[in-house]
Structures are given as structure tokens and as C-alpha cells.
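Let me begin by presenting the structure, written as C-alpha cells, before commenting on it.
None of the figures in this text is laboratory data; all of them are computed from the coordinates on show. All figures in this text were calculated on a predicted structure; none of them were measured in a lab. Cβ coordinates were reconstructed from backbone atoms using ideal geometry, including for glycine residues, and neighbour counts include every protein chain displayed.
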Amino acid sequence: MKKAKIAKMTLLAIISAYSVISLYPLVWVIIQSFKTETEFLQSIWALPKSLNFANFIKAWNEANFSDYFINSIAVTMITLVLVLGLTAMAAFAFAKLNFFGKKFFYYMIIMNMLIPTAIILLPMFFLIRDLGIRNTYQALVFPYFTGSVPLGLIITTSYYKSIPDELLEAAKLDGCSIFQTFIRIMLPLGLPIMATQGVLAGMSAWNEYMWAVISIGEKSRFTIPVGIATLQGAAEAHGYVVIFAALTLSSSVIVALYLSSQKFFIKSIAAGAVKG
Amino acid sequence: MKKKLIALVTILVMLVLTVAGCTPPTPAQSSSSSKPADSKQESKSAEKKQIKLKLATFSTDFSTDWVAKEFMKLNPGYTVEFEFLPSANYYGKIMTYAASNEMPDVFFTQSANYIDHTKKGLLTDLTSYLDTPSYEGDMKWGDTFIPAVLDSARSILKPIQSELKGKYYAMPYAMTSVAVMYDKKLFAKVGIQPPKTWAEFMSNNEKLKQAGYIPFSLVTEWIDWYPRIFWDQYLGEEIAKDPTAFETGKLTFSDKRVQQGLLGMKEMWDKGYLNESGLTANSQDVTNTFIQRKLAQYMLTPTRLKYLMDNAPKDMDLATFVLPGINGKPPKTLGGSSMLVGVSSSTKEFEGALRLAKFLTSKTLYAMPEMKYQNASIKNVKKDPSLDQIMKGYADAAENGFIPEILVPAEITPQMREVFMQEIVPGLMLGKTNVDEISKKLQELYKTTYLDKKK
Amino acid sequence: MITNNNSKEALALSQVNQKTSLIKGKKIRKEKVTENITGLLFVLPTIIIFVVFLYYPFFNAVRISFYDYSGIGPLKDFVGLANYKKALVDPNYYNALFNIFKLILIDAGLGISIGFIFAYILYERVPGWKFFSVALFIPYLMSMVVSGTIWKMIFDPTIGLLNSALISIGLGNLARPWLADPGTAMYAVAVTWIWRTIPFNMIIMYANILKMPVDIIEASKIDGASVLQRLRYVVIPYLKPTFSVLIVLTITHGFRIFDTVWIMTQGGPARATETITTYIYRKAFQNLEFGYASAISIIMMIMMISIVVITNIIKRKSEG
């Protein structure tokens, strides 16, 4: 028994040490955002002498963050609605239905994990130009959609596969059509995995910047990562500490989203037990 | 049941599709996309005097939109949409604007990109407008510029000069020069003076190193600075006499003096005079090192001065000097017209755009406090005397004239530039390659990527 | 079919049976049609978006790879396979490939095993496991801009944390310019990279360990197996499929590394951290060689597909 306790304490020590390495960089960013520029330049590792929120206010006002926040939230929300809705439908079909070309379509979607983003940037730019959707939310939403669906589809499909077929049979006996089965049974059962996928897809839509920098031509349509990239290029006008404040603000949104759904997070992955 | 189901699903799918709007372009959509243009024209004819312009820049002098605001304040009737992008993203963005025919009416450009923008026909030929009045209207626009800066602007187009014969497709916005920044107090502590000769400079470096400082700065995005400065010392006069020496084969990359330029930098590196982080550190990292008094001398352009002056500790006494010539010749400086303002060839508001371009090269602009540390490309701009100490090095550097953008053509094509910056200079510093290999490689690239393409 | 019995009843029975099976067959066929249509309709919206916003641009990229193209204007300089030929003899391409393999090996080795260790520690219910299981995932949510910026400052030779720490514990001779030394640069980038992948690997494995039937663990406990034995004979074999999925994800993810490298080293020093994506980006958006950049990406894609297929074959063989 004693031995077991020692073992557990050793494990605790290991994981605590790792937590420090893992979380310190984040704490560091937060610390910088409270410093003055001079404090930051004189030592990047020291603590601020006093807490000042001026950087946050500066980031919010000077860097137009209020506009960018609205854009980022809109883009992320629309992406999430599309990704979650359509992935659930597709995953259900791939997990529980037999239809023509099933394997082909599945791999067609998963394949995106193998296409390097850098190379479709230019053809994609020509596409949104020709469709006349430059500077609209669609121009960001659809590429984010294709980016997020593959991993989401893998985890959601295996989650749906883990739901016993008997449930479907029972629904069928009750006279439910396939569509009704999906709406009444699969969708509610799939909520936890949707929460998980929501965090993953939300994170990548919220953080994406390369496509956004290239494709958005109107300042009023910038998203937060574009704003941060612009701030970084102009660090010397705004100050580095303002950038850290902006990074803190931006990260806190996604962390909040995660914390609010973390209850489902592990459980839903566990239920699906990603198996490929 | 089945019918109902199919109907339902179809409706759902159509709903998703319409919400998503992901159908290929239909007439309806393309007409909706052309709408804003129509309404723009309508509003134009309605208000008539409102001139809408777009300005794009990479210069950190304009990292906030103050310049657009000032211009609008001084010029009622103008609306300027302003966009600043750091240069890492700037040129990719300009390309997308060009591809979608949305070029900003006025935009900044620079060295190789200036050549590219000119070649692609994105810029208006401004040569004949040099005779029109300047922004203030007191003299001809062309006469306001410092002649040396104008020369330097013209020399950038040298690789394609045969077609363009000394034309101006963009005007120099500032007179850039490069000087060495140092802290007088630190120099006094170590017991050294700003160097007058290369030997003094090197002995200073040794003393600084012994005293525990990193003597001199190396910044990855400016890694080609030292070879270019040294080449001017060894080969500047000769190439000035015979600008096509490399093309005709009179000079080759195997020339001793080409190699000497590279070895000069190698010597500083091997002796430990440059920050060893320099092969990957950017100017921001190096600024931190300097402010923390770990780096003793920092070579930089005036564009970054304001930040340094605003944030340096009060007990630093900053001053600048010119880097002495390695070959004993009067030291010329890099820079010149390294930032240029051009007018888009597709602008619909040419007169307005020209006015904005003139404003960006005017005394009025340079009188503004934000421009305190920038060196003007135009004559008769008085600097605050209290800045003399810090600006002296820059003024002295410009005095001797500018090193042409292309001297030894090691970076004449984008491919050569990539190899030079990514492989050759770092490889030489790290001992992965030697000057003979480098000469061979450059000569081969010069032939395949430049001479052969020219034919 | 029913074996014959000449009695009327049997005949009648068989007829009835035949009839019902006919009805059943019709019903099944009808169901199958419905299932086919519904299935297709369910995936159709996703497929349409993929065709328009991924495959259409992608095939354009394939087309561009046969041209000499600088990004503006129509495609006109057709060069056939020249870009591909050039890529296949480009030493920088192989160097980039080598760097990527280094990264993937480190990520697959360290990233997955460290992730596994912490997943197991969580499973052992150490005090505070709830906190750890939530908090340790957070780094994965950070943008690579954040992780790259921070780690770059940690690795800075003069003002960085790592060297100061080494000096203060008397290991000053180990201090070096981590990112500017070609011998260590790729490893420094890899550390930054796995800082973000460990949480992902950990959470996936933790979720899978939770699914492990309790009885097999209990049985091994009763048998008196030590922690290590339990890991070796029970947990790891159970997680084999998860490991192989994570390896595939590690490969596809690693091949696409960009932001982290770009922020930390831009591929330097002397291309020591050049990866295929940074090389593609450099060629495309800095040198405006879009044709060549596209050819490189397509070769890279073909390689990734073959690697993933091979891994799957190996996986199947080892399972079967």
C-alpha cells in the first residue's frame, strides 16, 4: 500500500513538473500583457511592477479589435454551424448507412489532410474572386469548413459507429424514417462529440491567419489573427506589450469555449474511441 | 412516407445550400456583385467632389492611419482608405490586389518588387509629372527631391533600364541610410571612441568582446548588408565606370574582391564580433538585446529609431556613427530610395492619387511630429537640433552617397536572392561552404537565372 | 428454398413463403434505394463544398504545376513536366524532406510516448487529475503564433530563459544559440511543435484508456502485476489501434508544419529548419514561382499518401 502511495506521488511530481513546462509559456504571455513597454524590454522574464490594463484598452481601441472581434465571432460561429451540422449528417451516413460511393466520398473528404494549404491559396483566391464573394464571410467560412471537417469526420464517424445498431433497428420498428432517426436519436446522442468537434473546429477557425491575410481586402472585414499580424508588423508603433495583450484577449475566448464544453470533451472522445 | 422524407431532405439540403450560398456563380449572384460598383458610380456622380482613394504601405512610419487622417484634414473632399501591412505579408497582398484588379491607387514599393511592379505594368510612369507643381505648389515636384536620392531611385530599375531609360515609376519617400547606434556611456566605460577607420572599429570590437558585450549586430533579414557594404568598398568605383562589367564577363564572381567582401563578414563572425543568434534573430529580437545592454553596437535604419528612442532606458546616451570603410574608401551607405511611392496604373482618380503621392513626399508631411526621426527624400527639411547627436551618423552616411541597389549582382533575381540569403551567407558563416564554391555557384546562377532569361 | 414434401400443406406453405420472401425482397430493395438516396443526400452538401472550395482550386494548382507562372495574368508558358523534373533533382527539396522526417520521428517518438505517459498518469487518478486533464489540453488551443513567439524567446541565446537556466545550474557549457545553430535548430523547433502535440495525443489516449474494460485491469491487479507489467501486457496492447491512428495523424500534421517554423527561424540557419511548406511558401509568395511551388506540393502529397497507405498496410498485417 505504501509502495503504491509512493508511486502515485512520483507520478504526481512528474505530471506537475510537466504542467509547469506546458502552462508556463501561457502564463508568460499573460504576464507580459500587464507590463509597460520599458519593463518588457528591460527584462522579458521579470514580473510587472504593477498591474496595468492600459495595454488591453490600447489593443481594443487602437488596433480596432472591437471590429475584428465581431468579424471573428461571426466567421467562427457560421463555420461552426456548418461544420457541426454537415459533419453530423455525413458522419451518420458514413457510420450507419450503406450507399453508393461511400468509401470514395469518405476518402475524398479525409484527403484534405494531405493537401498542403500553401499551394491552394492562390487558386482559392482566384475562385473567391470569380465567385464574387471577396470580402464576405463566405470567403473565409468555406475554406475553414474544408479544413476542419476531415479530423471532425474521423472522430464523429467512429463515435456514431459506437452507437449500437439495435437503437436504430428499434427506431425503425417504431416507424421512424432514416431522417427522423437521425434527428430524434443520432443528433441528441451525438451532442457530446459535437461539443468536442466544436472546440477543435472553433479553435482552428479562430486562429487561422494565412488565408485571412491574403484573401481579405477590406479592413472592416479583418479577423483577429489578421489584426494581430498587422500589430506585430507595427510592433514598434504600438509596443510589444500591446501585442501580448491582444494575444491574451484572443486566446481567452477560445479557452473559455473549451472550458465551457470540457465536461463532454474526454467523455465523447472516449465514447468514440478514435480507431481509424 | 418516402416522398415526405425525400422532400424534407431536399428542403434541408437546399436550405443549407442557400444559407451557405455555395452555388457556383449564377447570373443573379454576379449581378449582385456588380451592384456595389454601380452604386459607387451613382454616389460619385451625386456628390461629385468626394474623391475616394486607397493607400497601401509597408513602412512602419505609417503603422497607424495617422497619415490618411492628416491628408483628409488638409484636403477636404478626399476619403482615404488606408492599409498598413508588415512587409512579410505586404507583397503577397499586393499581388492578390493586382490579380483581382483592385490595386490601391497609391502604394509603396521597394527594390526588387519595384522592378517587378514596373515590369508588370502596375505603376504609372511619373516622369512627365516631375515638371508639375509640388504639393505646396512653390516649385516643380521633381526639383524638391535630393538629387542623389533620385539617382538612387533610377538605379533600381537598372536591370530593365534598356526599356525604361531612366524613367520614374515611383518616387522616393524617404532618404534611407544606415548607421551604427551606440551608447556613449557604455563606450566611455569600456574606454573606446567611435571609430574613424576600419582598424579602429575592429579593435573596438575586440575590447567590447573582452568586456563581455556582443560587439556588433547581425539581423537575419539584413544578412546581406555587410557583403554589400564591403563590395562597394572594393568594387564600387570600377562598377560605376563599367556598369555592365558582370554582363560582359569582364568581372566574374570569382574575382578576388568579390570574395574579399564575403570574407570581411566571415572574419567578424569568426572573431565572435557578431551576435551568434544573428542567423535567425529578427530586428525585434536584436532590439531587445541592445536595450538590455548586451549588444554594444546596433546597425539600423532611421525607420526603427523612434521606437528605440521612445523606449530606451533614460540612462542610455544614444548616438550614431558611420561604419568606416573596410577598404579605406569614403564609406557610402545602403538605402537611398529604399522606400518608394507609386501611383497605380489602373487608378480611376489619377489626379487625386497624384496629389496623395505628392503629399507623401512633401515638406508638409515632414513637418509633422510623427516624422521626427525619418530622413526626408526632399530638400530643405529642417530637423530638430536636439536630434543632432542621434541623426549625425545618418546624415554623415548619406553625405558620401548611396550604394546602388545592385552592384555585385548577387541578388539580381529572386532565385539568386533566395540562395544568397538562405544558403550562401549563412553557409559561409557556419563553415559549410567556402568562397570558391560560392563564386562558382553564384556565377552559375547568374547565367541560368539572369543572363539566359535576358536573351 | 424449402425442401419438397409432396403434401399440399407443404406446397401451400412453400408458396406462402415464396410470396412473403418476394414481398420482403421488394421491401428490402426499396429500403436499399431509400438508404442509398438518403445516404447520398446526407453527404452531398459536404461533398459539394469540398468540390467547389477544395478540389476545384486543387486541380487548378495541379494545372499550374505544368506551367511557368508568376501569379498574375493567364497561364501561358506551358512547360510540361519540367517543374517536376526540377523538383526531383533539387537538393533543397530533399533537405526539406529530411528535416520533416526528423520532426515526424521526434513527434511520433517523444510526442506520442510522452502523451501516453501522462494519459496513463491521469488514468491512475493521481491527486488533482481532474485539474490536469482539463488544463494540460490548453496549449493545443493556442495559435502557433503564440507558441512560436514564446518559444523563440525561451531559446534566445542572450536574453532567453533556457540559457540563463543552464548557466544558473552550472551547465553553462551547454548554453548555445539554439535556433541559430544548425545542429540544434530543428530540435528546438521540434520541442515547440511537440509542446502543442503532446496535449492532443494525451487527450486521445486518455479517452481510449478510459474505454478499456475494467475487468482486464482488475484481473491484472489481482495477478499482482506491477505497474510496468500492466502497461506492457495490458494497456499498451489495448491501445495499439490508437497508437497507429495517432501515428498517421502525426505524419499528416507534421508534413504541414508552417507557422511554427516561419515564426521561429524562417527555415534558417542555412536551411537547417527548412520544411517543405516553408520552401513552397518561399518559392510561391516570395520568388513568385507558382508553377514550381505547385509541383513540389504535389510530389509531397503523393509521398504523404504513399506513407499513409504503407502504414495502413503494415497496421493491417500486424493486426491480421
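Counting DSSP beta bridges with both partners in the protein assembly as shown, what percentage is antiparallel, nearest 5?
Values: 21 of 33 bridges.
Expressed as a percentage, antiparallel bridges in the protein assembly as shown total about 65.
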So for R0 = 35 Å, FRET eff. of B:Gln443-C:Phe101 from the Cβ-Cβ r, to 0.05, ends up at 0.60
Largest fluctuation, A:Val226, A:Val20, A:Val213 only, Gaussian network model of chain A with Cα springs under 10 angstrom, belongs to A:Val20
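Can you tell me what share of the DSSP beta bridges in chain B is antiparallel? A percent to the nearest 5 is fine. Can you show the working numbers first?
Values: 19 of 31 bridges.
Bridges in chain B that DSSP calls antiparallel: roughly 60 percent.
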Going through B:Lys167/B:Lys441; B:Lys332/C:Lys152; B:Lys167/B:Lys250; B:Lys207/B:Lys332 one by one, the pairs whose alpha carbons sit over 30 Å apart turn out to be B:Lys167/B:Lys441; B:Lys332/C:Lys152
Of all chymotrypsin sites (Phe, Trp or Tyr not before Pro) in region A:25-113, the ones in DSSP coil with at most 16 other Cβ atoms within 10 Å are A:Trp45, A:Phe53, A:Phe100
Looking only at aspartates and glutamates whose Cα falls under 19 Å of A:Lys172's and that sit 8 or more positions away or on another chain, we get C:Glu31, C:Glu35
Whole-number value, in Å³ per residue, for the convex hull of the alpha carbons of region C:21-140 is 309 Å³
Gyration tensor on Cα atoms of region B:62-185, a ≥ b ≥ c root eigenvalues, a/c under 1.5 rounded, else prolate if a/b beats b/c, else oblate, says rounded
Note to self, chain C gives a 222 nm [θ] from helices alone (DSSP H runs n ≥ 4, -39500 (n - 2.57) apiece, / all residues, nearest 500) of -22000 deg cm²/dmol
Averaged over the residues of C:247-253, the number of partner chain Cβ atoms within 10 Å of each residue's own Cβ comes to 3
So for chain C, using the alpha carbon gyration tensor with a ≥ b ≥ c as root eigenvalues (a/c under 1.5 gives rounded; past that, a/b versus b/c decides prolate or oblate), I'd call it oblate
Magnitude of the Cβ-charge dipole (Lys and Arg +1, Asp and Glu -1) of the protein assembly as shown about the Cα centre, nearest 20 debye, reported as 3380 debye
Per-residue average of other protein chain Cβ atoms inside 10 Å, peptide A:10-20 -> 5
Largest fluctuation, A:Met108, A:Met77, A:Met210 only, Gaussian network model of chain A with Cα springs under 10 angstrom, belongs to A:Met108
So for region A:185-276, using the alpha carbon gyration tensor with a ≥ b ≥ c as root eigenvalues (a/c under 1.5 gives rounded; past that, a/b versus b/c decides prolate or oblate), I'd call it prolate
Violations at 25 Å Cα threshold for listed pairs B:Lys271/B:Lys329; A:Lys103/C:Lys30; A:Lys161/A:Lys267; B:Lys454/C:Lys86; B:Lys52/B:Lys119; B:Lys329/B:Lys453 -> B:Lys52/B:Lys119; B:Lys329/B:Lys453
Within the set C:Phe53, C:Phe42, C:Phe137, GNM on chain C using Cα springs under 10 Å gives the largest fluctuation to C:Phe42
Per residue convex hull volume, Cα only, region C:118-269, in Å³ is 153 Å³
Here the whole-number average of other chain Cβ atoms within 10 Å per Cβ of A:224-231 is 3
At q = 0.06, 0.12, 0.13, 0.14 1/Å the base-10 log of I(q)/I(0) from the Debye formula over the alpha-carbon atoms of chain B is -0.32, -1.08, -1.23, -1.38
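Please report A:Val83, C:Val52 as a ranked list, fewest other C-beta atoms within 10 angstrom at the top and most at the bottom.
Fewest to most other Cβ atoms nearby, the residues stand as C:Val52, A:Val83.
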From the Cα centre of region B:360-381 to that of region B:57-111, the distance in Å is 18 Å
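How high is the FRET efficiency from B:Glu399 to C:Asp68, r the C-beta distance, R0 51 Å, rounded to 0.05?
Computed FRET efficiency for B:Glu399 and C:Asp68: 0.70.
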So the angle from the long Cα axis of helix C:290-319 to the longest Cα principal axis of chain C, reported in degrees to the nearest 10, equals 50 degrees
